[in-house]
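We did not get these values from a lab; they are worked out from the coordinates using the rules stated. If you're wondering where the values come from, they're calculated on a predicted model, not measured in any experiment. No Cβ is skipped: glycine too gets one built from the backbone with ideal geometry, and neighbour counts run over all protein chains shown.
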Amino acid sequence: MTIGQKASLSTLISVVLFAGFAVLAYSGLFETVQARFYNPRVASGVNKTLETLARLGEALGQVVQLEASPPVLSATWPATEPFHLAGLGQALVSEELLAAARAKLAAGVSADMGLISPHAAGGLNGRRARVDLGLSRPLDLAPPREREQARRALSLALAHRRGRLAFSGAGAFQAPVSHYPRLLAWLRDEEERRRFWGEPLIEGSYNFMEWVHATRTLPARVLGLRDCGHLGPGARADVALFDLPSNGVFYPQAQEGGRCRTLLKAGRFVLRDYTLVEGDIPRTTWYRRTAATRTAMAEELSGYQSFRPEHLEIPAEADSPAFREVGHGQP
């Protein structure tokens, strides 16, 4: 069965492109050393790669998601419109790269924050641990504490409220979900930032509408989900009702974050008056059919990676509440 007879996930076009893009790691696209110096010969290769991806994104009418890295931020981009930078925080290893990220956002590129917790574990029993998954670079299971890098990511997020910067953490090892209350508090409350960082970093904080934009509206727009991220006619949305804290400032603080009064998912009650009503709500993965066929080049590229495009394919006959084709109930 060819790829054209199967269906790939509609929101993961960037991952499909990744099969070819990740191979460039071997030529030095993400080549690094522990001292965080980068091979200057990589620049021309990155620029050419970005030119190719820009043309591809424009031809397909799709947003190309790039993993943020120092070489990508430092490169000269041919265009900004087709690109989305994923996980900015991990690339902000210097003030120069912070300035480069600001320039990219000002030029119109969209991105997500990739906030880093300065409390992240510094090692497993004092040792570094990495796993090679066959992707662009090893997965670091115990990254070192990066307080200054965390400060840069937070400052960037605060400076681009209601812009083209969506909320995200830097992953389970640099921003565990258990650390989210603190991260969210820093975005929402200047006094919380002053208490930990010794300064407010940037004057002002996210208000409720800016928070909705960063966590709902912008991610849906980047993914091309026209019926998500808003509460207009025909929209699909999960609704959560929280008790506001006594000071009127909403963010999930550790002592108040669990006080969800009512939660509606897919029009069904999950929580009602703080009580779990139905915990097993089915989820749906939307996919889009493609006309791509397996080529000799695709076969050659797949030979370099353990993570391949076919791992994202869904059998064409799949038709259940868990898998729905784009166009059947969604624009």
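Just a few scattered comments:
- For Cys260, Cys228, order by how many other beta-carbon atoms lie within 10 Å, fewest first: Cys260, Cys228
- Ranked for footprinting exposure by Cβ neighbours inside 10 Å, fewest first, Asp273, Asp227 give Asp273, Asp227.
- Long-range HN-HN contacts of Ala175 with modeled amide H, under 5 Å: Ser117, Ala170
- Vicinal HN-Hα couplings computed from phi for the stretch 163-168 (Karplus, 6.51 cos²θ - 1.76 cosθ + 1.60; Hz; Gly/Pro x): x, 10, 10, 8, 6, 6
- Legend: ranking of residues Lys104, Lys48, Lys265 from fewest to most surrounding C-beta atoms inside 10 Å; resulting order Lys48, Lys265, Lys104.
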